[in-house]
Amino acid sequence: MGRHGTVIALSGGIGGAKLALGLARRLPPGDLAVVANVGDDFEHLGLAVSPDIDTLVYTLAGLADPQQGWGRAGETWTFMAALEALGGETWFRLGDGDLAMHVMRTHRLAAGTPLSEITAAACTALGIATRVWPATDDRLRTRVRTDDGWLDFQDWFVGRRAQPAVREIAFEGAATARPLPAVLAALAAPDLRAVVICPSNPLISIGPILAVPGLRDALASCAAPVVAVSPLIGGRAVKGPTAAMLADLGIGATAAAVASHYGDLLDGFVLDEADAAAAVDVGVPTLVTRTMMLSLADRERLADDVLAFVDRIGATPA
């Protein structure tokens, strides 16, 4: 189906990972590379936790919890129960199996191994052909300003259940972060087929990726089509605070507003049938289709739709 060549996906956690899995299953092995958000990364109980990277890895390996969308299927919680009994911090839950990833990552980071190399080793060990690349190996952390002041992302998102409303977003460390050379090389490669911005939160999942110096420019100048999939369906997010954040920051909780937020980066935009009327307001070629991904078949069907769409855009003279 379609032509061959590398497809690069930009992704956060749960929503983006669903489409990444669909793409991985519909593309030849090794043709997909996923650039992952690291703005959610943080240190907890002395461990280096990378939530979006781990959600992608577990999803691509077939290990993700199908109900939650994050964490490992069949997880047990003996560690958390013992920690609670000792009066330890339990606001961010780490499952017994999941602990292995964090311990391994922390140990190897302390030894000087880059996050990208650690992630690649985990993918290889779990039999994942897809390349999963952190947007940067450098420290980059998302922080949000609320009416209670500036908060670290996980404190706000998990600890306070995405409350209170966000007034401003900052990406600490972004100014000095360096993009992965492999990402820049892939974006400049002649066999690049497409860049797909997954239906992740454009502000706190895709935003930190685009904040890495050089990455947005590399995306804007790449020869292949750049297409985003709206994370909204009828003005609402399937999961998470996307719609509320877009509204609170004055961007607007609509598919057209998401496309406008990405601006001239896009060559195409995919939106749900519920938002079909907004297609005329986007300003780039659009694909109206079902974007809800409840089943594996849904993920594969949307991947097929997106790949056919990017190939049509790529075949159209500029």
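The values are calculated or read from the model by the stated rules, or taken from the named source; none is laboratory data. Please read these numbers as outputs of a predicted model, since none were measured by experiment. So basically every Cβ, Gly included, is an ideal-geometry build from the backbone, and we count neighbours across all protein chains shown. When the accessible area is computed, the model is the full protein with side chains, heavy atoms only, and any ligands, DNA or RNA have been set aside. Shrake-Rupley method; radii C 1.70, N 1.55, O 1.52, S 1.80 Å.
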Considering each of W77, W70 in turn, give the residue that is in contact with a helix residue (DSSP H, G or I) (Cβ under 7 Å, 6 or more places away or on another chain), among the hydrophobic types (A, V, I, L, M, F, W, C) and without any contact (Cβ under 8 Å) to a residue 24 or more places away in the chain. W77
Could you list, in sequence order, all residues of segment 172-198 that are within 27 Å of I233 (Cβ to Cβ) and either part of a strand (DSSP E or B) or at pLDDT below 95 (or both)? R193, A194, V195, V196, I197
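Output the helices (runs of 4 or more DSSP H) that fall wholly within segment 201-318 and possess 2 or more residues being among the basic types (K, R) and either within 25 Å of L60 (Cβ to Cβ) or modelled with pLDDT of 95 or more (or both), or say none.
Ranges flagged: 296-315.
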Residue tally, condition in a loop (DSSP other than H, G, I, E, B) and within 20 Å of D41 (Cα to Cα), over segment 71-117: 12
Quick one: what pairs do we get from segment 268-297, first residue under 12 Å from G235 (Cα atoms), second buried (at least 21 other Cβ atoms within 10 Å of the Cβ) and of a type in the set (K, R), C-beta under 6 Å, 6+ apart or different chains? none
Can you tell me which residues in segment 14-49 are among the small types (G, A, S) and open to solvent by 10 Å² or more (accessible area, probe 1.4 Å)? G15, A24, G30, G46, A48
Tell me yes or no: at least one residue of segment 244-252 is farther than 27 Å from I53 by Cβ and open to solvent by less than 30 Å² (accessible area, probe 1.4 Å). yes
All-but-one check, A308 against (1) farther than 30 Å from P28 by Cβ; (2) of a type in the set (A, V, I, L, M); (3) open to solvent by 30 Å² or more (accessible area, probe 1.4 Å), failing number (1)
Single residue of G13, G5, G88 found to be within 22 Å of P202 (Cα to Cα) and touching a residue at least 12 places away in the same chain (Cβ under 8 Å): G13
